[in-house]
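K.L.:
Got a structure for you, questions after.
FYI, it's all coordinate maths here, none of it is from the lab. Note that the structure is a prediction, hence the values are computed from the model and not measured. With ideal geometry, Cβ positions are generated from the backbone for all residues, glycine too; neighbour counts draw on all protein chains shown.
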């Protein structure tokens, strides 16, 4: 089976990661691409051998396609994903999935009703040593999960603050990252939507926890959007947790992701910077993975390839489905609401 693919959005990440990956596959045909600037979209179309290049996504959806990758600015994800799903197309949508939980759950329901593949490419959910560590949780080696802590920090200080400097590992190819996507509050800018969504999706996927209520604070020094995030979260099973994020690592630092999952039988320590996955049990039985150097670095090759494999039926394993993405949106939205209301408790509806 050859999967006919279209791209709604053709910015920095799509042209740097997604398009090169799919262009290298024999079972993918790059059919159509769109973005608003006519000259630029023609250039992108020519580089990756797309058959069609459009400035309006409605024209793209009139072409014969099987699947669409959506890599537009954050606040447009809902509109574009809904339009693609309503055309019966499988969808990979970049994070954050949407900016509002109700929209995210609507999209997840539409995809399920139409039996369509939906995937949000949270790269660490596919990292091999993290997948192996999740199996410890799935096998019940932690017992009942009682508390979690979750930290992410990124070398993005100038980028979110509006200085225009991009991290050294974000250097563009054809297209530079659009500052409006990251620095405009009304377009989903800020660290929570832009980065903390990664680690939120990772922890919720590893544990299966369902957030129930949130108290949060956010700080925005020298910025129009949040640079520091901190939240206390209660889950439906009675567990507690903390989520925190910081945009201000020095430019050349590695991303920090530090997750600790405390259960009735032990604790799981997961760290992508120091590249460790350690299970320590109260009965003295401990496990530690031998993690190769560099294995914790963020990569997004597997999710893009997995999307195609899900469409063709080659795989049935989706580590970042739309319902997981919707839970992540619920959490981030509740954090914003709480922070805007003096850290008031915000409840999250059950789904």
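K.L.:
Expressed as a fraction of 2.2 N^0.38 Å, the rule-of-thumb size for a compact globular protein of N residues, what is the C-alpha radius of gyration of region 178-335?
P.N.:
1.14
K.L.:
For region 1-159, report the convex hull volume of the alpha-carbon atoms normalised per residue, in Å³, without decimals.
P.N.:
So the per-residue hull volume is 171 Å³.
K.L.:
Report the semi-axes of the equivalent ellipsoid for region 31-79 in whole Å, largest first, where each axis is √(5λ) for an eigenvalue λ of the Cα gyration tensor.
P.N.:
Here the semi-axes work out to 17, 14, 9 Å.
K.L.:
Give the angle, between 0 and 90 degrees and rounded to the nearest 10, that separates the Cα long axis of helix 101-113 from the longest principal axis of the Cα atoms of the chain.
P.N.:
70 degrees
K.L.:
Based on alpha-carbon positions alone, could you give the equivalent ellipsoid semi-axes of region 302-344 from the gyration tensor, as √(5λ), descending, whole Å?
P.N.:
Computed over region 302-344, the values are 34, 8, 6 Å.
K.L.:
Let me ask something else about it. What nm value, rounded to one decimal, do you get for the distance between residue 180 and residue 341 when each label is placed 7 Å out toward the C-beta?
P.N.:
So the label points at residue 180 and residue 341 sit 3.1 nm apart.
K.L.:
Let me ask something else about it. Report, to the nearest 10°, how far helix 301-312 tilts away from the longest principal axis of the Cα atoms in the chain, using its own Cα long axis and a range of 0 to 90°.
P.N.:
On a 0 to 90 degree scale, this one is about 70.
K.L.:
Sort 59, 139 by Cβ crowding within 10 Å, fewest neighbours at the top.
P.N.:
Going from sparsest to densest Cβ surroundings: 139, 59.
K.L.:
With the alpha-carbon atoms as the only input, what is the per residue convex hull volume for region 271-327 in Å³?
P.N.:
158 Å³
K.L.:
Taking just the alpha-carbon atoms of region 43-129, what radius of gyration and Dmax come out, in angstrom?
P.N.:
Using the Cα atoms of region 43-129, the pair Rg, Dmax is 13.8, 42 Å.
K.L.:
Using only the alpha-carbon atoms, how far is helix 322-340 inclined from the longest principal axis of the chain? Give it as 0 to 90 degrees, nearest 10.
P.N.:
The helix 322-340 is inclined about 70 degrees to the chain.
K.L.:
Which residues among region 71-93 fall inside the zone where the amide N is under 18 Å from a point 7 Å beyond the Cα of residue 64, along Cα→Cβ?
P.N.:
From region 71-93, the list is 87-90.
K.L.:
Now, a different point. Before rounding to the nearest 500, sum -39500 (n - 2.57) across all DSSP H runs of length at least 4 in the chain and divide by the residue total; then give [θ] at 222 nm in deg cm²/dmol.
P.N.:
Value at 222 nm, helices only, nearest 500: -8500 deg cm²/dmol.
K.L.:
Right, next: Going by average Cβ density within 10 Å per residue, which order do the peptides 140-151, 9-20 take, highest to lowest?
P.N.:
9-20, 140-151
K.L.:
Determine, for 193, 80, 282, 213, the number of other Cβ atoms within 10 Å of each Cβ, and report the residues in order from fewest to most.
P.N.:
Ordered from fewest to most neighbouring Cβ atoms within 10 Å, 193, 80, 282, 213 come out as 282, 213, 80, 193.
K.L.:
Additional query: Sorted from fewest to most neighbouring beta carbons within 10 Å, what does the list 218, 335 look like?
P.N.:
Going from least to most buried by this count: 218, 335.
K.L.:
Sort largest first and round to whole Å: the equivalent ellipsoid semi-axes of region 1-86, each the square root of five times a Cα gyration tensor eigenvalue.
P.N.:
One finds semi-axes of 17, 15, 12 Å for region 1-86.
K.L.:
With a cut-off of 14 Å, note down the residues of region 89-115 whose backbone N falls inside the zone around a label point 7 Å from the Cα of residue 351 toward its beta carbon.
P.N.:
So the set is 96-113.
K.L.:
If I histogram all Cα-Cα distances within the chain using bins 10 Å wide from 0, what percent of pairs lands in each bin?
P.N.:
6, 25, 34, 25, 9, 1, 0
K.L.:
Label residue 236 and residue 297 with points 7 Å out from Cα along Cα→Cβ: what is the distance between them in nm?
P.N.:
3.9 nm
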